[in-house]
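Below is one structure; the comments refer to it alone.
The values are calculated or read from the model by the stated rules, or taken from the named source; none is laboratory data. Model, not experiment: these values are computed from the prediction. Cβ coordinates were reconstructed from backbone atoms using ideal geometry, including for glycine residues, and neighbour counts include every protein chain displayed. Remember, those area values only see protein heavy atoms, side chains included, never the ligands or the DNA or RNA. Shrake-Rupley method; radii C 1.70, N 1.55, O 1.52, S 1.80 Å.
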Amino acid sequence: MLGQLGDEAKLLAGGQSLIPLMKLRFANPRHLVDLNFVAGTSYIQEDNGAVKFGALTRHSEIENSPISQRFPILHDCAAGIADVQIRNRGTIGGSLAEADPSGDWATVLLTQKTDIRCLSPRQERTVPLSDFITDAYSTVLEHDELVREIVVKRPDKGSGGAYLAFKRSAPVYPTVSAAVQLTMKEDVCQHASIVLGCVGLVPVRAQEADEALRGRKIDDKVIATAMDAVRTAVDPQPDMRGSAEYKRTLAAALVKRAISIAMLRARGERVEVSHIYA
Amino acid sequence: MPEPVDKVSIQLKVNGKPYAVSVEPRMLLVELLREELDLTGTHVGCDTTYCGACTVLMNGATVKSCTMFAVQADGAEIQTVEGLEKDGQLHPIQKAFGDSYGLQCGYCTPGLMLSTLQLITKNHEPSETEIRKAIAGNTCRCTGYQNIFKAIRLAGHNLKGA
Ligand SMILES: Cc1cc2nc3c(=O)[nH]c(=O)nc-3n(C[C@H](O)[C@H](O)[C@H](O)COP(=O)(O)OP(=O)(O)OC[C@H]3O[C@@H](n4cnc5c(N)ncnc54)[C@H](O)[C@@H]3O)c2cc1C
Ligand code: FES
Ligand code: FES
């Protein structure tokens, strides 16, 4: 259908990004193809050590699913997006396709092994999330291609993650956010993945911070080194939410807190997380 | 000037009553409710998906009706504030908002009552944190929220007793 309508057509999922943009006349599509009436596009399945989300799965469905209880970084993300009403409409597929530099899902899912299954009249292809988002508001999707499914590998045993955002109120995007996934063997970190949101055109992977943790016993000194690496990795823009320096400091502080929660969860402890409100 | 466009026929239920209407595809759900169906209890505060004054229930889940097209409600059940009252009797939530002074100008109140309905239908005794999360998408410029918290707790209590 998108192929027939040409590139003046756009897909409509939850509409929680597209409709506000249309009202502002930033988007002005001639045709909208509403995916909400397509059956079988909203589901959460667990299969072979991976969790699969239909593209139209709402943030609230993920928030309230038993799977996100067992995979708590997904709950941190889903339950913290905007407010109840927006979570009841907004979808995981729409969020990733929108590739907003402040969107929560991309930041969180980049700490996981995540694949995007895309579909067009010509082909079906699977693109790793790290290749899917190419720039701010840009993805590899062709104009007649859609996101069909998001596949997230379950973390190994002994691995824990956490996602924290600093927000001015609920129905706004975060000022800065931080996602951390740590795989631990006793006190020693085997693998770390740290990604920051809202501090670059795309989510920022702080690889030097990952390196600072890997192979080490995580103590205050090691965490301080990782925090320094985070400050260097991010490239925030000053805006009404704060200066670049403020956001750098915030990014490092959120990572510190997320590391401590991820370590507890790696040990199997249950820790409830709520975003931090100014 | 916007070009004229073909209208689309849709059917929906609002507060239990079936409607068949023809709407322009660009019409928002809140415009349908207020301007075509004359249900002006649903308010428009910001028109930018922030304030929640336009909150209604669609198939039992709260949505911001300023951020949905009317055609997307084809086949759906919508509940607005007008549907709370039954047989001239105020709904327990409406009573609770009145008894607790949970409103002043009343602009935010319809949206808040529908967010309350979604919350307390599942949970008669919500905690402070649960209430905060449930109404995070509803802005009130008058009350300072404390009496709204009281009203929601009382509404849960009323509903349990009902
Ligand atoms: C006030 C407000 C606050 C918000 N706060 C946050 C927040 O804190 N964190 C956050 O992450 N998000 C936030 N959002 C955005 C929200 O999460 C959106 O739901 C999400 O970004 C887009 O999802 P959607 O389903 O609504 O997509 P839509 O708005 O329907 O679509 C967005 C874009 O993606 C395309 N698209 C949608 N689905 C597909 C698909 N399956 N395949 C290909 N392309 C597709 C559309 O064509 C469109 O270009 C907020 C939104 C609002 C209005
Ligand atoms: S009018 Fe819809 S959210 Fe304010
Ligand atoms: S009572 Fe006036 S905005 Fe809430």
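List the helices (runs of 4 or more DSSP H) inside the range A:1-88, counting only whole elements, that have at least 1 residues being in contact with a helix residue (DSSP H, G or I) (Cβ under 7 Å, 6 or more places away or on another chain) and within 14 Å of another protein chain (Cβ to nearest Cβ).
A:18-23, A:59-63, A:72-80
All but one of (1) touching a residue at least 60 places away in the same chain (Cβ under 8 Å); (2) in a helix (DSSP H, G or I) hold for A:ARG248; state the number of the condition that does not hold.
Failed condition: (1).
Which residue is nearest to A:ILE86 (Cα to Cα), if the candidates are limited to the range A:4-26 and must be more than 16 Å from ligand 2 (Cβ to nearest atom) and surrounded by 14 or more Cβ atoms within 10 Å (Cβ to Cβ)? Write out each step before concluding.
Taking the range A:4-26 as the starting set, the residues that turn out to be more than 16 Å from ligand 2 (Cβ to nearest atom) are A:4-13, A:25-26.
From the residues that got through so far, the ones that are surrounded by 14 or more Cβ atoms within 10 Å (Cβ to Cβ) too are A:5, A:9-13.
On the way: A:LEU5: 29, A:ALA9: 24, A:LYS10: 20, A:LEU11: 18, A:LEU12: 15, A:ALA13: 12 Å.
Across the range A:4-26, the extreme among qualifying residues is A:ALA13.
Looking at the structure I just gave you, is A:ILE44 farther than 20 Å from A:LEU164 by Cα, open to solvent by less than 30 Å² (accessible area, probe 1.4 Å) and free of Cβ contacts under 8 Å to residues at least 24 places away in the same chain?
Numbers: farther than 20 Å from A:LEU164 by Cα: yes; open to solvent by less than 30 Å² (accessible area, probe 1.4 Å): no; free of Cβ contacts under 8 Å to residues at least 24 places away in the same chain: yes.
No.
Filter the range B:16-67 down to the residues that are among the aromatic types (Phe, Trp, Tyr) and more than 16 Å from ligand 1 (Cβ to nearest atom) and list them by number.
Matches in the range B:16-67: B:TYR19 only.
So, in the range A:53-84, how many residues would count as being among the charged types (D, E, K, R) and closer than 24 Å to A:LEU182 by Cβ?
3
For A:GLY197, are the conditions met, namely being touching an Asp or Glu at 6+ places or on another chain (Cβ under 8 Å), within 26 Å of B:ARG132 (Cα to Cα) and touching a residue at least 40 places away in the same chain (Cβ under 8 Å)?
yes
Output the number of the condition that B:GLU35 fails; it satisfies all remaining conditions of (1) part of a helix (DSSP H, G or I); (2) within 16 Å of ligand 3 (Cβ to nearest atom).
With (1) part of a helix (DSSP H, G or I); (2) within 16 Å of ligand 3 (Cβ to nearest atom) applied to B:GLU35, the lone miss is (2).
Here are the criteria: (1) within 14 Å of chain B (Cβ to nearest Cβ); (2) open to solvent by 10 Å² or more (accessible area, probe 1.4 Å). Tell me which single one A:THR91 does not satisfy.
Result: A:THR91 fails condition (2) only.
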